[in-house]
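The values are calculated or read from the model by the stated rules, or taken from the named source; none is laboratory data. Note that the structure is a prediction, hence the values are computed from the model and not measured. Please note: Cβ atoms are built from the backbone with ideal geometry, for glycine as well, and neighbour counts cover all protein chains shown.
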Amino acid sequence: MTPVRAEIIEAMRTLGPATIKEVAGLLSRAPASLYAHFTRLVSLGVLLEREPRRLTRHTESVFELAAHDFVPQFRRASDASIGDIATITAQGVVRSALRTLRAAARADQLSFGPDEANHGILHEVVWLNRSELAELRAALRSVKRLCGTRKTPHGRQPHLLIALYMPVVGASRRRSRASTAPKAAKARAQGARRARRLHPDES
């Protein structure tokens with residue numbers, strides 16, 4: 001899943017059935033740059049092409065998500081590649097949140113106050129053991145079930161809800177992992193030089 005396709009999916013969550021032009025407008029991209037991505041998402045079964053929308057002089061294809069949620073299945077994928085996919089997906093989700101919040105602010109649609117606020121940001125760093133993390137997942141699944149019952153308008157206003165959780169890795173560990181390969185290469189080079197000194201005739 002490329003970053004652009006992740007953004008398209010998040011845009012479709014916001015718009016519902018839409019044309020490529022409408023999605024491009026939300027993403028601030030040229031429609032022509034999205035055609036290949038839409039074709040690929042349709043071939044993967046992520047998007048469905050619906051009845052074309054008839055305009056004055058032409059028609060435009062209308063697309064919608066095949067499902068509200070997608071669960072990726074990883075086959076013979078390395079931990080690194082799965083991590084890359086998670087990062088790309090998170091980037092698309094966060095960009096979608098920023099666009100939605102910015103648009104609401106520009107339209108003066110954000111309300112404030114303890115009883116009137118229609119938006120919020122929760123950012124916490126917490127220490128969890130395995131059972132507590134399981135509780136957190138269960139709570140999020142409960143919220144997910146509630147959201148699943150609110151997929152039609154019926155006089156409601158649409159809201160975007162995003163939840164992310166992940167382990168926090170200390171800076172020292174990030175540096176140590178990033179420097180593993182250079183250190184290994186340096187050790188191999190030092191070993192080669194030492195071998196040449198001990199056996200000069202073999203070089």
Filter the range 34-43 down to residues that are in contact (Cβ under 8 Å) with a residue 12 or more places away in the chain and not aromatic (Phe, Trp, Tyr) and give me whichever is nearest to Ala103 (Cα to Cα). Leu34
Would you confirm whether or not the range 175-186 contains a residue that is under 23 Å from the mean Cα position of the chain (by Cα) and either modelled with pLDDT under 80 or closer than 30 Å to Arg102 by Cα (or both)? no
Determine the pairs where a residue that is among the hydroxyl-bearing types (Ser, Thr, Tyr), located within the range 10-21, has a partner that is surrounded by 21 or more Cβ atoms within 10 Å (Cβ to Cβ) and at pLDDT 90 or above with Cβ atoms under 9 Å apart, the partner being 6 or more residues away or on another chain. Thr19/Phe63
Filter the range 2-44 down to the residues that are buried (at least 17 other Cβ atoms within 10 Å of the Cβ), among the aliphatic types (A, V, I, L, M) and in a loop (DSSP other than H, G, I, E, B) and list them by number. Leu34
